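Quick note: the coordinates plus some simple rules give every number you see, no bench work behind them. Only a predicted model underlies this, so the values are computations on that prediction, with no experimental measurement involved. Quick reminder, even Gly has a Cβ in these numbers, built from the backbone with ideal geometry, and neighbours come from all protein chains shown.
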Amino acid sequence: MATLLNHKFIEPRYQYSREIDPIVGVSFTGLFDFFVHAFGVEWLRWWTAGRPETPQGLLFKAQEAEYLTRWRVQVHQTVWDYCDRHGLKRPNRCTTVQPSGTKSLLTGASPGWHPPKSQRFIRRVTFRKNDPVALACIDYGYKIVPSQSDKDENGHLLNDPFSPLCTEWLVEIPVAVSWANLPGISEIDVSQFSALAQFDFYMQVQRHYTRHNTSATIELRESEIEALGNRIYETIRNDEGYISAALLARFDDHQSFPRLPFEPISEAEYHQLLEEVQQRRKTDDFHSALAQYDWGMSPESGPAGCDSDKCLLPDTEPQ
């Protein structure tokens, strides 16, 4: 990351900005998973209770802060050492949490600092129709369905991905988090973590790790709006380091919002979907499958630029 500080901009004003305020943003993903493995199921039970400041809760917070602070200090020391050795001006802030992309999510890692949608879920990734990567996914056994934007003349979602009316594909990938099989995990429903608990964890990251801004989306239900609004007001009033966070309504009724990027599933459904993937699979070598369709001549190949919950919610007409 620090090597990018050697880049010379052609546009003079960009180069001037780099010289007076060099910027480096070192991010991470999978933080939630890391802490589950570090602290165990009791940490998740504490989340279920709303992350209260009990003796155990205060200990968890102190341990979270210790990890986050250690990483921040290490990032700054490493970047500054590089700058000193190469005669570059030191950035005064080097840490951030960027929006998590598709590649990290497909590894099963939780996005950024956020909790996952579920221990097991269907991840739907948007591609243009006949995209080489999507075609390779078909050979690898993954299911393809038309995207949320493809509908028939009556406004109904298409079911045939090869229909002439279809323009975009969703690749459906069954995913399980790395801690899905830990003892006691089946008792935890991560989709029920409160908005206040999410905000509390986000602020831990913002205070102890981030020196730019932390990409954050707090998911909430209508009954949580007032309490979360009051908490955000308090953090601003008390100058606790809050900068910004996106708010997203939870969609518990998946029938009303079909084919969203994430769909929680049960353990039985997960294993059933994996079995179906194996039955459809034509090759165990994804790279070879991709090579049949991609000759390196299509720079736009790959997932859509944004296929998150925020980008793909159903369109609404202005009132």
Within region 37-88, list the GluC sites (Glu not before Pro) lying in a DSSP loop whose Cβ has at most 13 other Cβ atoms in a 10 Å radius.
Glu53
When we measure straight from the Cα of Lys61, which aspartates and glutamates land under 20 angstrom away, once same-chain ones fewer than 8 places off are left out?
Asp33, Glu42, Glu53, Asp200, Glu234, Asp239, Glu240
Cα convex hull of the chain, projected area averaged across orientations, nm²
21.4 nm²
With the contact rule set at Cα under 8 Å and sequence spacing of 6 or more, what percent relative contact order holds for region 43-184?
21 percent
Which listed residue (Gly50, Gln148, Leu135) has the Cα farthest towards the positive end of the charge dipole for region 22-174, taking +1 on Lys and Arg C-beta and -1 on Asp and Glu C-beta about the Cα centre?
Gly50
What FRET efficiency comes out for the pair Ser223/Thr48, r = Cβ-Cβ distance, R0 = 22 Å, nearest 0.05?
0.85
Quick one: compute the contact order of the chain, relative version, from alpha carbon pairs under 8 angstrom and 6+ residues apart, as a percent.
24 percent
Helical mean residue ellipticity (222 nm; -39500 (n - 2.57) per DSSP H run of 4+; nearest 500) of the chain
-11500 deg cm²/dmol
Using a Förster radius of 51 Å, what is the FRET efficiency between Leu247 and Arg90 based on their Cβ-Cβ separation? Nearest 0.05, please.
0.90
Just check region 1-160 against the gyration tensor rule for me: Cα atoms, a ≥ b ≥ c as the square roots of the eigenvalues, rounded for a/c under 1.5, and otherwise prolate or oblate depending on whether a/b exceeds b/c.
oblate
Could you size up the charge dipole of the chain around its Cα centre, putting +1 on the beta carbon of Lys and Arg and -1 on that of Asp and Glu, and report it in debye to the nearest 20?
1260 debye
Residues other than Tyr140 with Cβ under 15 Å of its Cβ, Lys/Arg counted +1 and Asp/Glu -1, net out at -3
Can you tell me the FRET efficiency between Gln279 and Leu182 if r is taken as the Cβ-Cβ distance and R0 is 41 Å, rounded to the nearest 0.05?
0.90
Length gained if Val73 through Ser288 is fully extended, taking 0.36 nm per residue and subtracting the Cα-Cα distance, is 73.2 nm
Where in region 132-224 are there GluC sites (Glu not before Pro) that are in a DSSP coil and have at most 16 other Cβ atoms within 10 angstrom of their Cβ?
Glu153
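Which ordering of His208, His287 is given by a fewest-first count of other beta-carbon atoms within 10 Å?
By the 10 Å Cβ count, ascending: His287, His208.
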